[in-house]
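No value in this document is a laboratory result; all are computed from the given coordinates. Every value quoted in this text rests on a predicted model; they were computed, and no experiment measured them. Please note: Cβ atoms are built from the backbone with ideal geometry, for glycine as well, and neighbour counts cover all protein chains shown.
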Amino acid sequence: MQGETTVSTVKGSITPKKKAGLAYVASELKRNKTLYLLMAPYMTIFFLFTVLPVLFSLLLSFFYFNMLEFPRFVGWQNYSRLFLNDDIFMIALKNTLLFAVITGPVSYIACFVFAWIINELSPKVRAVMTLIFYAPSISGNVFFIWLIVFSGDSYGYLNGFLMKAGFILEPIQWLLDEKYILAIVMLVQLWLSLGTSFLAFIAGLQTIDKTLIEAGAVDGIRNRWQELWFITLPSMRPQLMFGAVMQITASFAVAEISIALAGFPSVNYAAHTVVTHLMDFGTIRFEMGYASTIATVLFGMMLGTNILVQKMLRKIGE
């Protein structure tokens, strides 16, 4: 009897709370119905063209599907093939991780440093410098000028300079030698990295309340480094989060630059990345189940890295 009383008491105490919670949610939905109606078109498009494809890709990764036959369930076979039998994928994974570890943090820090420096300039000079730094990222295939710089004949700018200066006697095949290919692609990727994150940092620096800097000076901040750590960075944490997501995504999704500079596939897969591997199986071989497996692994890598970086950014200013 005592046990039944306790259970009934617990049930009686939970049910009103659930009802109160549902009532609160219903009242909030009713009160903000106009906002939800305004959000509905975007959320519908986002769900149809982002959420559903990701879920469908995750589901398809457990099937064999060549777009001609009906999908056949294979379980974890695609994943075991990817990590145990696909040597090209391991090369692509190594190259992608190198891109993420090197170009990701370097481009992120460069975006902020250049934005911080440019923000100190006068408005007219700041506008011109912002355009100059941002232009490469919006100029389409402007990175093709690097094909001229690293051309393998004596007319290439770099070869011509080195031969004229006496450093080399004959041209170097920069984009055909696996010793140089990955470094060159990384260099061009860094050159193109001052994009959306750079503009977000500029905007974040413009919105910092100047009274916080004055109050910080009163509270004991004595130099620009302390001001940067305790005021500037915490004040623009949303922009830092956004920039981290953009830079991580860009560093993991390198493909177009690699294909344009090093070919597809590159020499001995020296510049092969996870995305180019995905393109190989998804758009050439049409092994859509296996391509979905590669996409799922890449998505997991991006998601895990983003979560880790955001946890680190939350500690700024503590």
Task: Fully extended contour minus Cα-Cα distance, from Leu303 to Leu84, at 0.36 nm per residue - done: 76.5 nm
Open item on the list: Number of Lys pairs in the chain with C-alpha atoms less than 28 angstrom apart, excluding same-chain neighbours closer than eight positions?
Closed with: 13
Task: Built amide H within the under 5 Å cut-off of Phe63, gap 5+ - done: Val74
Task: Estimated inter-spin distance, Thr50 and Lys30, nm [label 7 Å along Cα→Cβ] - done: 3.1 nm
TODO: Could you sort 260-267, 34-41 so that the peptide with the highest average Cβ count within 10 Å comes first and the rest follow in order?
DONE: 260-267, 34-41
Task: Neighbourhood charge, 12 Å Cβ-Cβ cut-off, centred on Gly152 and excluding it, Lys, Arg +1 and Asp, Glu -1 - done: -3
Task: About the Cα centre, charge dipole magnitude for the stretch 80-313 (Lys/Arg +1, Asp/Glu -1 at Cβ), debye - done: 460 debye
- [ ] Output the direction-averaged projected area (hull surface divided by four) of the convex hull of the alpha-carbon atoms of the chain, in nm².
- [x] 28.7 nm²
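Suppose a student asked you for the relative contact order of the chain, using Cα pairs under 8 Å spaced at least 6 residues apart; what percent would you report?
This gives 26 percent for the chain.
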TODO: Give me the number: length gained by fully extending Lys94 to Glu69, i.e. 0.36 nm times residue separation minus the C-alpha to C-alpha distance, one decimal in nm.
DONE: 5.7 nm
- [ ] For Met43 and Ala203, calculate 0.36 nm times their separation in residues minus their Cα-Cα distance, and state this gained length in nm to one decimal.
- [x] 55.0 nm
Task: Cα centroid separation, the stretch 227-265 to the stretch 55-107 (Å) - done: 22 Å
Task: Rounded to whole Hz, the Karplus (6.51, -1.76, 1.60) HN-Hα couplings of the stretch 120-133, x for glycine and proline - done: 7, 7, 5, x, 5, 5, 4, 5, 5, 5, 4, 5, 5, 6
